[in-house]
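For reference, the structure is listed below as structure tokens.
The values are calculated or read from the model by the stated rules, or taken from the named source; none is laboratory data. Predicted, not measured: the structure shown is a model, and the values here were computed from it. Don't worry about glycine lacking a Cβ; one is built from the backbone with ideal geometry, like all the others, and counts go over all protein chains shown. Areas reflect the complete protein model, heavy atoms only, side chains present, ligands, DNA and RNA absent. Shrake-Rupley method; radii C 1.70, N 1.55, O 1.52, S 1.80 Å.
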Amino acid sequence: MISINKLSVNFTGDFLFRDVSFVIGDKDRIGLVGKNGAGKSTLLKIIHKEMEPESGNIIITSGFRTGYLPQEIFGKYDTTIWDETMSAFTEQKKLEKRMEQLGAQLADRTDYESDEYANLAQQLSDATDRFHQLGGNTMEGDAERVLTGLGFKASDFARPMKEFSNGWQMRVSLAKILLQNPEIILLDEPTNHLDIESIQWLEDYLMNYDGCLILVSHDRAFLDRVTNRTVEITLGNIQDYKCSYSEYVNQRLERIESQQSAYENQQKEIAQIERFIERFRYKATKAKQVQSRIKLLNKMEKVEVDTIDNSAISFRFPPAPHSGRVTVECEALDLGYGDNHVLNHVDFHLERGQKVAFVGKNGEGKSTMVKAIVGELAPQGGTVKLGHQVTIGYYAQNQAALLNPDKTVFETIDEIAVGEIRPKIRTILGSFLFSTEDTEKKVKVLSGGEKSRLALAKLLLSPFNLLILDEPTNHLDMASKDILKNALLQYEGSMILVSHDRDFLQGLSEKVIEFKDHQIKTYLGDVYDFLEKKKIDSLHELQQGGEKGPAEKKISTNKENWERKKEMEAEERKRNNRIKRIEEEIYRLEEERQAIEEKLAKPEEYAAEIASGELYKAYEAVKNKIAEQEELWSELIG
């Protein structure tokens, strides 16, 4: 259990939290929501003991471990994916070594009856029990299952961590947390670095997790599947709802409407009481009634209406300039990086006004295709052609990271604004929630959400008729995503949208392009039409293939051992279930035999049945059945 008592956090004179208190149960699955900058990440860091609050405290059940995944990591890794992942099993490895040492000590002793020998044997037994309890005998199989679920191929396991992007390194960090199986898991925007299939795998994994989960996410579908309680941080306060995110949205509105109605009724009552007091204040005959009403006012518990933070970005994309009928045309396109061939002989056609979504696992070529279309990557074969008068507005996946950290918010926009846009810079920034003071902040001090908003604001500086957005919702809060989606729904130009956010994608595209196995495949409709056609509910069909190296063969052997162990466990469960059924049958037959024996003991009552021999036949039959079942039971037990 986590008990949060009168927690206060103060940044630069402003309170993120003030005297916040609430309790989190051992099995709670909490979605932590609120605007960017509300304090969600800060609360996770405090629970993980990475930060200290201004005042108040957090008490966690003794012995409970926390596993924390931050929004960003900046690790320097000299290990492979496999070795880094296996470092999650620190306690298991220590126990394994301890078991070897104790086993060696016992093997060298002959004083089997001594207290010292018994003590060593007990230590070995305790260490072995703990090792099995932590899943020490399935470490390698578990590691492979989690890495595969999070999108890694078997061929990736032996590769150095430093060959992978920050997003893939985050996946390894997430894998380590899941494998450590702490009592409390704290995840800050885990879906930002995952594709749709990996998100669905993680959903299934977390739904079966037995501990406490506290999750920050702006993915509605993800929150709805894995959480059953929603804690909102708003204007320094906590609002607690015992439900998933979608239900919270409804309950929140109902709660505020109910509070507003109660508040208005109370205000009418107060006004009536005050009018009575004012009217009869100086009449001696009404003095007692006036005093009674004054006391009533003083004792009245005032109804308060929860404050809603209504600040939100507000913008529309500039009107799309006219262009030719064809916007993008790719023929026999080969794309890659040196010897790494990503897409082979791909054809893609986009017409004026069409809106498509690019989906697929990370590394299958979505961003590579985008880079080729915008001219950042030259084809290895085939052609990419833009249509007549096509102008591109491009939001790269790492757009926020490309901002100059040493420039201010205002300078970031001012350096590329031209003509009549320049006088409107502060207005544009204001519509993206940057106050006058915020415009003078350096980019390096901005939150992830603020950087994303600033990168989006840059898109408004010139009109375009082809909008390409590569993961634009990373770090955006719910309200900002809704407004961005609304702006995209009204945008009249052509659009290519790369995203893993199913709720955000819904309704934005008329075609879905799936990237898989160096090819693309087109599906008509939006993302949920695509998922229905693909029937992707989990990652049970992850593909693996190719020639295996030594490391992969080792891992495949581990997988075979793990699968063989699972089969043996399944057989053991079947055996135990069969033993249980036989025991129940023997118990039933014993009762039947006892009933017959009671009849045989009363010959005067059952003379006819005894004389006919039916009771004796039934008695012998039951005895034989009992003997048969006992023999089966003995075989299974033995």
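Within segment 233-254, the presence of at least one residue that is at pLDDT below 85 and of a type in the set (S, T, N, Q) is confirmed.
Counting only residues that are open to solvent by 80 Å² or more (accessible area, probe 1.4 Å) and not acidic (Asp, Glu), segment 582-600 holds 3 of them. Filter segment 56-75 down to the residues that are closer than 16 Å to residue 5 by Cβ and hydrophobic (A, V, I, L, M, F, W, C), then identify the one that is surrounded by the fewest Cβ atoms within 10 Å (Cβ to Cβ). The extreme case among them is 59.
Considering segment 401-434 alone, what residues qualify as being part of a loop (DSSP other than H, G, I, E, B) and either loosely packed, with under 13 Cβ neighbours inside 10 Å or among the hydrophobic types (A, V, I, L, M, F, W, C) (or both)? Hits for segment 401-434 are 403, 404, 405, 406, 415, 416, 417, 418, 432, 433, 434. When you go through (1) in contact (Cβ under 8 Å) with a residue 12 or more places away in the chain; (2) closer than 25 Å to residue 474 by Cβ; (3) open to solvent by 50 Å² or more (accessible area, probe 1.4 Å) one by one for residue 398, which number turns out not to apply? Going through (1) in contact (Cβ under 8 Å) with a residue 12 or more places away in the chain; (2) closer than 25 Å to residue 474 by Cβ; (3) open to solvent by 50 Å² or more (accessible area, probe 1.4 Å) one by one, residue 398 breaks only (1). Within segment 374-390, being out of contact with any Leu (no Cβ under 7 Å at 6 or more places or on another chain) and either of a type in the set (Phe, Trp, Tyr) or under 20 Å from residue 488 (Cα atoms) (or both) holds for one residue alone: 374. Taking the stated definitions as given, is residue 40 closer than 30 Å to residue 22 by Cα and not aliphatic (A, V, I, L, M)? Criteria met by residue 40. Exactly one condition in (1) closer than 30 Å to residue 481 by Cβ; (2) not in a loop (DSSP other than H, G, I, E, B) is false for residue 37; which is it? Tallying (1) closer than 30 Å to residue 481 by Cβ; (2) not in a loop (DSSP other than H, G, I, E, B), residue 37 fails exactly one: (2). Given the criteria touching a helix residue (DSSP H, G or I) at 6+ places or on another chain (Cβ under 9 Å), in a strand (DSSP E or B), aliphatic (A, V, I, L, M) and open to solvent by 20 Å² or more (accessible area, probe 1.4 Å), does residue 7 qualify? No, not satisfied.
In a residue-by-residue description of segment 41-55, the property of being open to solvent by 70 Å² or more (accessible area, probe 1.4 Å) and in contact with a helix residue (DSSP H, G or I) (Cβ under 8 Å, 6 or more places away or on another chain) applies to at least one position. Please verify whether residue 85 is of a type outside the set (D, E, K, R), within 30 Å of residue 517 (Cα to Cα), touching a residue at least 24 places away in the same chain (Cβ under 8 Å) and surrounded by 18 or more Cβ atoms within 10 Å (Cβ to Cβ), treating the condition exactly as stated. Criteria met by residue 85.
Only one of the numbered conditions (1) of a type in the set (Gly, Ala, Ser); (2) modelled with pLDDT of 80 or more; (3) within 30 Å of residue 147 (Cα to Cα) is not met by residue 613, and that is (3). At least 1 residues being open to solvent by less than 40 Å² (accessible area, probe 1.4 Å), under 21 Å from residue 508 (Cβ atoms) and touching a helix residue (DSSP H, G or I) at 6+ places or on another chain (Cβ under 7 Å) is the threshold, and among the strands (runs of 3 or more DSSP E) wholly inside segment 302-392 those reaching it are 326-337, 355-359.
Conditions (1) among the small types (Gly, Ala, Ser); (2) modelled with pLDDT of 65 or more; (3) more than 30 Å from residue 132 (Cα to Cα), marked per residue:
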position	(1), (2), (3)
557	no, no, no
562	no, no, no
566	no, no, no
572	no, yes, no
577	no, yes, no
585	no, yes, yes
589	no, yes, yes
593	no, yes, yes
600	no, yes, yes
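Of the helices (runs of 4 or more DSSP H) contained entirely in segment 447-507, those carrying at least 1 residues that are in contact with a Lys or Arg (Cβ under 6 Å, 6 or more places away or on another chain) fall at 478-490, 502-505.
Only one of the numbered conditions (1) in contact with a Cys (Cβ under 7 Å, 6 or more places away or on another chain); (2) open to solvent by 10 Å² or more (accessible area, probe 1.4 Å) is not met by residue 119, and that is (1).
Only one of the listed residues (78, 19, 26) is modelled with pLDDT of 85 or more, in a loop (DSSP other than H, G, I, E, B), open to solvent by 40 Å² or more (accessible area, probe 1.4 Å) and in contact with a strand residue (DSSP E or B) (Cβ under 9 Å, 6 or more places away or on another chain). That residue is 26. For segment 627-635, the criterion of being of a type in the set (Ser, Thr, Tyr), exposed (fewer than 15 other Cβ atoms within 10 Å of the Cβ), touching a helix residue (DSSP H, G or I) at 6+ places or on another chain (Cβ under 9 Å) and at pLDDT below 80 is met by none of the residues.
Of all positions in segment 35-53, none carries a residue that is touching a strand residue (DSSP E or B) at 6+ places or on another chain (Cβ under 7 Å), of a type in the set (Gly, Ala, Ser) and free of Cβ contacts under 8 Å to residues at least 60 places away in the same chain.
Listed by first and then second residue, the pairs with beta-carbon distance under 6 Å, at least 6 apart or on different chains, first residue in segment 145-159 and closer than 22 Å to residue 78 by Cβ, second open to solvent by 20 Å² or more (accessible area, probe 1.4 Å) and assigned to a loop (DSSP other than H, G, I, E, B), are 154/544.
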